[in-house]
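The values are calculated or read from the model by the stated rules, or taken from the named source; none is laboratory data. Computed from a prediction, not measured in an experiment: that's the story for all the values here. Every residue, glycine among them, receives a Cβ derived from its backbone with ideal geometry; neighbour counts consider all protein chains shown. Heads up: the accessible areas ignore ligands, DNA and RNA and are worked out on the full protein's heavy atoms, side chains in. Shrake-Rupley method; radii C 1.70, N 1.55, O 1.52, S 1.80 Å.
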Amino acid sequence: MADSNPFPLAKDELLACYRTMRTIREFEDRLHVDFSRGDIPGFVHLYAGEEATAVGIMSHLGDGDRIASTHRGHGHCIAKGVDVVAMMKEIYGRKGGCGNGKGGSMHIADLSKGMMGANGILGAGAPLVCGAALAAKYRKKNEVAICFVGDGASNQGTFLESLNLAAVWNLPVIFVVENNGYAESTSRDYATAVNSYVDRAAGFGLPGITVDGTDFFAVYEAAGEVIKRAREGGGPSLLECKMVRFHGHFEGDAQTYRAPGEMEDNRANHDCLKIFNTLVTSAGVIDAAELQAIDTTVLVQIDDAVVQAKAAPLPTLADLTTDVYVTY
Ligand SMILES: Cc1ncc(C[n+]2csc(CCOP(=O)(O)OP(=O)(O)O)c2C)c(N)n1
Ligand SMILES: [Mg+2]
């Protein structure tokens, strides 16, 4: 083991981040299998391959900081601390899930963790975080609000209007563009005129950074900078994370739009977990066996979550009219 740690996190923190990334990967890969068996209702969009971005950013946040997620939201939820068993129950459509089984994959939320919700409407999270950030600014608590959008959703009017609003009001917001190169089957370059989201941000008066979203440490460092600025009253920023998604747009997607060998290349050369593993083990800070031990415990945790989800009851007809309005 090395005497010095060249990373910006202590060893126990590095292990915790790896564990969260592995939990997301295992959660998603398990859903991939269970969905193909017909066990899961509704639509499911998997975050596997993109874990370093969620965890690199969320490592800087507390429960008081708020995020708005997307249709591909499981990774954001897990990284923000939402209970994995409650998430699994929700995705299986069972009572005891985050929405008592009535929302499913695209409607997972937990306000106690600052997770304002996954969202089936592209770009809908951007105005929400402006509201959350305005509240944080008034409360003077130095909290931030973060909106995740895909490269496709970043062309929505709501997103562009929110960039402007956040700049005008100097809100503590970070807009994270998760650029995985596709919106459904449409390639990013076909549908978006600018190459750099940093250029687009500049047009709205926001500073921006582009990072390799498969490199946990690059994301962690850039996120640290923009979050610190927002906490200190320096206003909003945009962070573009370039990444790959391992599965289809949705479960069941035949992915005929991919180039030959693209998926294999993604897994071989752009796997953020492998990249993290190589960096920390080759620096001598963490032993490969320690990471393997985490892999084993996470596997057991996800197996257990599925067992609990399958054992939980389905909502009844009487549940149809509950949880419709908030009771104060
Ligand atoms: C307002 C709106 N328009 C269209 C859709 C249909 N739709 C769902 S996901 C998606 C593509 C999203 O691509 P991107 O934002 O890049 O996110 P990714 O799926 O790549 O994570 C589309 C067009 C939608 N859900 N909402
Ligand atoms: Mg995309």
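General observations
- Mean ellipticity per residue at 222 nm, deg cm²/dmol - from DSSP H runs of n ≥ 4 across the chain, formula -39500 (n - 2.57): -13500 deg cm²/dmol
- A full extension of the chain between K310 and F250 corresponds to an added length of 19.4 nm, given 0.36 nm per residue minus the alpha carbon distance.
- Residues of the chain were split at every exposed loop site, defined as GluC sites (Glu not before Pro) in a DSSP loop with at most 12 other C-beta atoms within 10 angstrom, and the longest piece left, sites excluded, is 1-183.
- Inter-centroid distance (Cα atoms) of the range 249-328 relative to the range 39-106, Å: 10
- Using a probe radius of 1.4 angstrom, the carbon and sulfur fraction of the accessible surface of the chain is 55%.
- Volume per residue that the Cα convex hull of the chain spans, once the total is divided by residue count, Å³: 137
- Extension gain for E232 to V194 (0.36 nm times residue separation, less C-alpha to C-alpha distance): 10.7 nm.
- Counted over the chain, the DSSP beta bridges are approximately 10% antiparallel.
- Applying the criteria of a DSSP loop state and at most 10 other Cβ atoms within 10 Å to the trypsin sites (Lys or Arg not before Pro) of the range 1-98 yields R37.
- Size descriptors for the range 60-202 (Cα atoms only): Rg and Dmax, in that order, 15.5, 46 Å.
- 14 Å Cα cut-off, lysine pairs counted over the chain (separation 8 or more, or different chains): 5
- In this simple spin-label model, placing a label point 7 Å from the Cα along the Cα-to-Cβ direction at both D12 and Y257 gives a separation of 4.6 nm.
- In nm, spacing of pseudo-spin labels at D303 and S187 (7 Å Cα→C-beta vector): 4.2
- Spacing of the modelled spin labels on A283 and E264, each 7 Å from Cα toward Cβ, amounts to 3.3 nm.
- Per residue accessible area in Å² of the chain, where ligands, DNA and RNA are left out and the probe is 1.4 Å: 44
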